[in-house]
Amino acid sequence: MRNFILNLRQNRRATKTIAGFIFIFNVYAMIDLFFLNETFFEVFRRLRMFTNISNIIIFIVVGLYLLNLHNKNWYKYLAVIGLVAILMTGIIYHALLAEANMDFQNHVVHTINPALFAVFYYLLVNQSIKIYHVWVSLILPLFYFGIILLIGPWTNWYPYNFMDPTQPGQSLGSVLMFCLGVLFPVIVVFTTILVGLKTFLEKSLQK
């Protein structure tokens, strides 16, 4: 396996082919998000869903790889942010929200893209971040939850029940307590595991 990965990373045509194949599904998700809506307002409504934001992030990450910008120092941080976001999307959706008869579009954004991006990250991205930098995975959730909670009273809409302070038995304080005291620490632990696996893999390849 070690020799396979090393040889693959040295084969420019093979790496671009794999990244290009993964990018096809990323593009499909973007076409569905931005162009296959009944109204223009529908785009903005869908942009409030974490699923679509995470798919935008990985679209950018894989696109930058194809543009040969993956050796920039900041790229590895963006790649981790995308990895955590898209895997959270897939895991939470299938654990709590998935319906029995999912259509192809739902499988792309909740199943195919999370799985393919994990392959992309561990196989093709050759830089790992330090364990003490795992906090970068909180940047996107912090902005996302902050904006949703900020505009929620005006839009009267929240994407998920655990973020909705208008639900029976919930308040803004209880929502913030859950996000800051439960969800964010879980994200940090999850990121630590993912980064630990990546660090172990890269060190194994350097032996």
- prompt: In Å², what does the accessible area per residue of the stretch 83-206 work out to with a 1.4 Å probe?
  reply: 53 Å²
message: From the convex hull of the Cα coordinates of the chain, what is the mean projected area in square nanometres?
response: 13.1 nm²
- request: Measure off, as a whole percent, the carbon and sulfur share of the 1.4 Å-probe accessible area of the stretch 53-127, all protein chains present.
  value: 65 percent
Karplus-derived 3J(HN,Hα), 6.51/-1.76/1.60, for each residue of the stretch 183-191, Hz, glycine and proline x: 5, 5, x, 4, 4, 5, 5, 4, 5
- request: Mind pulling the angle between the C-alpha long axis of helix 139-155 and the longest principal axis of the chain? Nearest 10 degrees, somewhere in 0 to 90.
  value: 20 degrees
statement: Applied in sequence order to the stretch 40-57, the curve 6.51 cos²θ - 1.76 cosθ + 1.60 (Karplus, θ = phi - 60°) yields integer Hz couplings, x standing for Gly and Pro, of 5, 5, 4, 4, 5, 5, 6, 5, 7, 8, 4, 3, 6, 5, 5, 5, 5, 4
- prompt: Once you mark the chymotrypsin sites (Phe, Trp or Tyr not before Pro) that are in a DSSP loop and have at most 12 other Cβ atoms within 10 Å, what is the longest gap between them in the chain?
  reply: 75-156
query: Using alpha carbon centroids, what distance separates the stretch 11-46 and the stretch 132-207, in Å?
result: 24 Å
- prompt: Sorted by accessible area (1.4 Å probe), largest first, how do MET49, MET30 line up?
  reply: MET49, MET30
statement: In Å, the Kirkwood hydrodynamic radius from C-alpha pairs for the stretch 1-102 sits at 15.4 Å
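Would you compute, from DSSP H runs of 4+ residues alone, the mean residue ellipticity of the chain at 222 nm, taking -39500 (n - 2.57) per run and dividing by the full residue count, rounded to the nearest 500?
My calculation for the chain gives -21500 deg cm²/dmol from helical runs alone.
The values are calculated or read from the model by the stated rules, or taken from the named source; none is laboratory data. All figures in this text were calculated on a predicted structure; none of them were measured in a lab. As a convention, Cβ positions derive from the backbone with ideal geometry for all residues, glycine included, and neighbour counts pool all protein chains shown. The accessibility values were calculated without ligands, DNA or RNA, using every heavy atom of the protein model including side chains. Shrake-Rupley method; radii C 1.70, N 1.55, O 1.52, S 1.80 Å.
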